[in-house]
Amino acid sequence: MSRTVYDLIGLAAGVAFILALKGLSHPKTARRGNLIGAFGATLATLVVFFYANPGSSLPLNNLGWILGAMLIGLAVGVPAARKVQMTQMPQLVALFNGVGGGAAALVAIVEYLHLGTEATTAEVIFTVFTVIVGCVSFSGSIITFLKLQELMTTRPVIFPAGRFIIAATLASVIGVGGWVVTALGTTPLLILAGLSLLFGVLFVLPVGGADVPIVISLLNAFTGLTVAASGYVLDSVLLIIAGTLVGASGTILTRLMAEAMGRSLFGTLFGAFTAKPQDATGSGEERPVRSGSPDDVAILLNYARRVVIVPGFGLAVAQAQHTVRELADMMIAKGIDVAYGIHPVAGRMPGHMNVLLAEANVPYEQLAEMDEVNPTFGQTDVAIVIGANDVVNPAAQTSPGCPIYGMPILEVNQAANIIFLKRSMRPGFAGIENELLYDPKTMLLFGDAKASLTKVVSALKAL
């Protein structure tokens with residue numbers, strides 16, 4: 001295969017990636033977009049085997065090693081992707097993203113060692129960039145995985161002089177990067193990789209709670225940039241296109257999520273160093289709450305005219321999306337106006353609730369974004385909060401210094417009645433108490449969301 005044909009096929013794969021992103025921008029076309037992206041990735045992978053490297057009689061050197069690595073990747077990746085639950089999807093995304101960044105860094109190191117003293121200054125600079133950002137993406141993604149999997153604390157990890165240590169590490173990374181460019185050699189490159197891995201850890205540790213998905217998106221953008229930079233080193237137009245698309249889309253998504261959280265990206269990453277300490281459990285005093293039964297909830301719903309359902313991570317954990325769809329259909333049959341209030345960062349990743357409800361075939365027209373549904377809560381008879389906490393917490397508007405202060409929320413406190421489905425009084429992912437639980441208008445329904453909703457459905461049928 002000639003280089004011209006190779007580049008044209010790579011361009012076709014790049015077009016497929018662009019069409020995939022377009023399809024993923026809307027729930028109705030997301031599945032098709034995903035399939036187009038998978039086709040582009042498959043095409044980009046296969047075409048490499050038919051392009052002969054200059055000066056080589058084989059399509060690829062070390063073909064056996066490459067095929068073996070692909071088989072191992074398939075053996076690990078396919079079962080993981082098929083068996084992972086929706087609640088664990090963000091962790092999987094973080095791991096896959098970290099592996100991508102780490103792979104780009106390793107490829108850059110190997111190519112650097114292969115080129116040796118023949119490498120141009122531009123190639124060395126792009127190699128240094130790829131190693132730095134790829135290693136940061138790898139180690140940072142591992143920390144986000146540990147936080148989301150709750151293998152370590154989900155709250156921000158801060159330490160004395162933390163900002164200065166992070167700044168000093170970053171300065172060291174830049175300094176050693178300059179050393180690699182001017183002096184060349186394996187030793188400074190390995191030191192650079194080690195410092196970059198350390199910086200990735202320090203970079204993510206101060207982030208906690210609902211901010212973790214924003215960091216995943218940012219690290220995804222980092223990985224895209226490393227792929228684009230490695231594409232320059234490897235003289236691959238396809239890698240440049242794919243990496244640029246990932247980097248650009250990840251950057252845009254990061255900005256949109258930061259805006260949805262009501263803060264700057266800098267405040268998201270390092271706000272923990274300036275935030276006031278918060279007591280996750282309040283004053284420690286026992287405070288009364290109003291709990292109810294499924295029958296109480298059913299009676300309240302039976303006489304409602306408008307109901308807004310607010311899904312959260314607890315809905316995903318309980319896999320209650322089909323049950324909530326059944327409840328909504330039953331209320332609609334009774335003439336009740338039903339809508340789903342969707343917060344941009346509800347769950348553990350962007351679009352988490354949209355995907356979850358799509359599994360239950362909830363009509364897209366019933367989903368209302370935050371800006372659309374907030375003005376209607378004043379005319380809402382019942383707001384049902386299912387496993388959401390931080391995205392409805394009034395502390396975001398009333399408690400300066402708390403981790404979520406300034407974040408736009410779903411203003412369910414404006415509804416006439418609030419039904420809050422929770423397993424316990426445990427705080428949300430941000431680790432702070434929700435005053436809404438103690439509001440006289442709030443009725444708590446404790447237990448597994450799916451089991452509780454099933455009982456509510458049965459009670460509503462009996463009325």
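The values are calculated or read from the model by the stated rules, or taken from the named source; none is laboratory data. Here the structure is a predicted model, which means the values were calculated and not measured. Every residue, glycine among them, receives a Cβ derived from its backbone with ideal geometry; neighbour counts consider all protein chains shown.
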Notebook entry, point to check: How many residues are over 25 Å from Tyr340 (Cα atoms) and out of contact with any Phe, Trp or Tyr (no Cβ under 8 Å at 6 or more places or on another chain) if we restrict to the stretch 399-417?
Noted result: 4
Notebook entry, point to check: If you check Ser137 against the conditions, is it closer than 30 Å to Arg426 by Cα, modelled with pLDDT of 90 or more and in a helix (DSSP H, G or I)?
Noted result: no
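Listed here are the residues, each with its yes/no results for (1) surrounded by fewer than 17 Cβ atoms within 10 Å (Cβ to Cβ); (2) β-branched (Val, Ile, Thr); (3) assigned to a helix (DSSP H, G or I).
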| residue | (1), (2), (3) |
| --- | --- |
| Phe129 | no, no, yes |
| Leu151 | yes, no, no |
| Pro156 | no, no, no |
| Ser172 | yes, no, yes |
Margin query: Residues that are crowded, with 24+ Cβ neighbours inside 10 Å, hydrophobic (A, V, I, L, M, F, W, C) and under 30 Å from Val84 (Cα atoms): does the stretch 290-306 have at least one?
Written below: no
Notebook entry, point to check: Does at least one position in the stretch 387-409 carry a residue that is more than 18 Å from Ser293 (Cα to Cα) and touching a Ser or Thr at 6+ places or on another chain (Cβ under 8 Å)?
Noted result: yes
Notebook entry, point to check: With the stretch 379-451 as the region, which strands (runs of 3 or more DSSP E) entirely inside it contain at least 3 residues that are more than 27 Å from the chain's Cα centre (by Cα)?
Noted result: 417-422, 442-446
Next item on the list: Sort out for me the helices (runs of 4 or more DSSP H) sitting completely within the stretch 301-377 that have 2 or more residues that are more than 15 Å from Ala449 (Cβ to Cβ) and at pLDDT below 90.
Entry: 352-359, 370-373
Check: Does Val391 satisfy being crowded, with 18+ Cβ neighbours inside 10 Å, under 16 Å from Lys441 (Cα atoms) and hydrophobic (A, V, I, L, M, F, W, C)?
Finding: no
Check: What are the residues in the stretch 400-430 that are touching a Gly at 6+ places or on another chain (Cβ under 6 Å) and more than 14 Å from Ile384 (Cβ to Cβ), if any?
Finding: Pro403, Gly406, Met407, Pro408, Gln414, Phe429, Ala430
Next item on the list: Kindly provide the set of residues from the stretch 235-258 that are within 14 Å of the chain's Cα centre (by Cα) and either surrounded by fewer than 20 Cβ atoms within 10 Å (Cβ to Cβ) or not aliphatic (A, V, I, L, M) (or both), ordered by number.
Entry: Ser249, Gly250, Thr251, Ile252, Leu253, Thr254, Arg255, Leu256
Item checked: Top-ranked residue of the stretch 346-366 - restricted to ones that are under 13 Å from Asp329 (Cβ atoms) and polar (S, T, N, Q), ranked as surrounded by the most Cβ atoms within 10 Å (Cβ to Cβ) -> Gln366
Next item on the list: Filter the stretch 214-269 for residues that are among the acidic types (Asp, Glu), in a helix (DSSP H, G or I) and more than 30 Å from Cys402 (Cβ to Cβ) and give the result.
Entry: none
Next item on the list: Say whether the condition of being crowded, with 17+ Cβ neighbours inside 10 Å and modelled with pLDDT of 90 or more is met by at least one residue in the stretch 426-436.
Entry: no
